[in-house]
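Everything below concerns the one structure shown next.
The values are calculated or read from the model by the stated rules, or taken from the named source; none is laboratory data. Quick caveat: nothing in here was measured; it's all calculated off a predicted structure. Cβ coordinates were reconstructed from backbone atoms using ideal geometry, including for glycine residues, and neighbour counts include every protein chain displayed. Side chains are part of the model used for accessible areas, which takes the heavy atoms of the whole protein and leaves out ligands, DNA and RNA. Shrake-Rupley method; radii C 1.70, N 1.55, O 1.52, S 1.80 Å.
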Amino acid sequence: MLVASRSAESRPAGTPNSVDAVSLAIIEQLQEDGRRPYAAIGKAVGLSEAAVRQRVQKLLDQGVMQIVAVTDPLTVGFRRQAMLGINVEGDLDPVAEALTAMDEVEYVVLTAGSFDLLAEVVCEDDDHLLEVISKRIRTLPGVRSTESFVYLKLKKQTYQWGSR
């Protein structure tokens, strides 16, 4: 299991940064091994097992981090990944919300630059990707254009950011 933490920069504006050095150390321990026992984490950061358990729960409740099993899409039947650049007419939020509701969409980012939104999609194959783009994303009200960046080979994917 792996922990993906969010840095202060990715939190919504106005969200207080309540992550102190000890919490960051706990996050770092979990990023190395998401199944590391709380007692072992406690020894590493100088807290009791109960205190670590409470801090981890608080970090989860606040949305500072998630503890998830990260899979390699290729090994579980998803052979096509792509980043989509999307341009929108009008309000971005309805399009972003519609994208977040799609199972194939892994994340959605509102951006500045050439695209209004970036969305990473994971699909079974090229036909599935074509269906998602052509029949579901391009038909969303407000979507003006899309550009697809198909992944040929993933060279690096880590979840270590936010604590170092």
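Observations on the model:
- When Glu89, Glu106, Glu124 are checked against the criterion of being open to solvent by 80 Å² or more (accessible area, probe 1.4 Å) and either touching an Asp or Glu at 6+ places or on another chain (Cβ under 6 Å) or among the aromatic types (Phe, Trp, Tyr) (or both), a single residue qualifies: Glu106.
- Condition check for Gln57: open to solvent by 80 Å² or more (accessible area, probe 1.4 Å) and touching a strand residue (DSSP E or B) at 6+ places or on another chain (Cβ under 9 Å): no
- Within the range 92-103, considering residues that are within 22 Å of Glu124 (Cβ to Cβ) and in contact with a strand residue (DSSP E or B) (Cβ under 6 Å, 6 or more places away or on another chain), the one least open to solvent (accessible area, probe 1.4 Å): Leu99
- Taking every residue in the range 86-103 that is within 11 Å of Val143 (Cβ to Cβ) and pairing it with any residue that is of a type in the set (S, T, N, Q), at least 6 positions away or on another chain, the pairs with Cβ-Cβ distances below 8 Å are Ile86/Ser145; Ile86/Thr146; Asn87/Ser145; Asn87/Thr146.
- Residue within the range 17-32 that is at pLDDT below 85 and touching a Phe, Trp or Tyr at 6+ places or on another chain (Cβ under 8 Å) present: no
- Those residues of the range 27-48 which are part of a helix (DSSP H, G or I) and either open to solvent by 40 Å² or more (accessible area, probe 1.4 Å) or among the acidic types (Asp, Glu) (or both), in sequence order: Glu28, Glu32, Tyr38, Ala39, Ala40, Lys43, Ala44
- Some residue of the range 81-101 being modelled with pLDDT of 95 or more, in a loop (DSSP other than H, G, I, E, B) and not small (Gly, Ala, Ser): yes
- Matching option when the condition is over 27 Å from Ile26 (Cβ atoms) and either modelled with pLDDT of 95 or more or in contact with a strand residue (DSSP E or B) (Cβ under 6 Å, 6 or more places away or on another chain) (or both), among Val109, Val52, Val121: Val121
- Per the conditions (1) part of a helix (DSSP H, G or I); (2) open to solvent by 70 Å² or more (accessible area, probe 1.4 Å), the sole criterion not satisfied by Ala51 is (2).
- Residues satisfying the stated conditions in the range 66-85, i.e. charged (D, E, K, R) and without any contact (Cβ under 8 Å) to a residue 40 or more places away in the chain: Asp72
- Candidate set: the range 62-80, residues that are outside any strand (DSSP E or B) and polar (S, T, N, Q); chosen: the one most open to solvent (accessible area, probe 1.4 Å): Thr75
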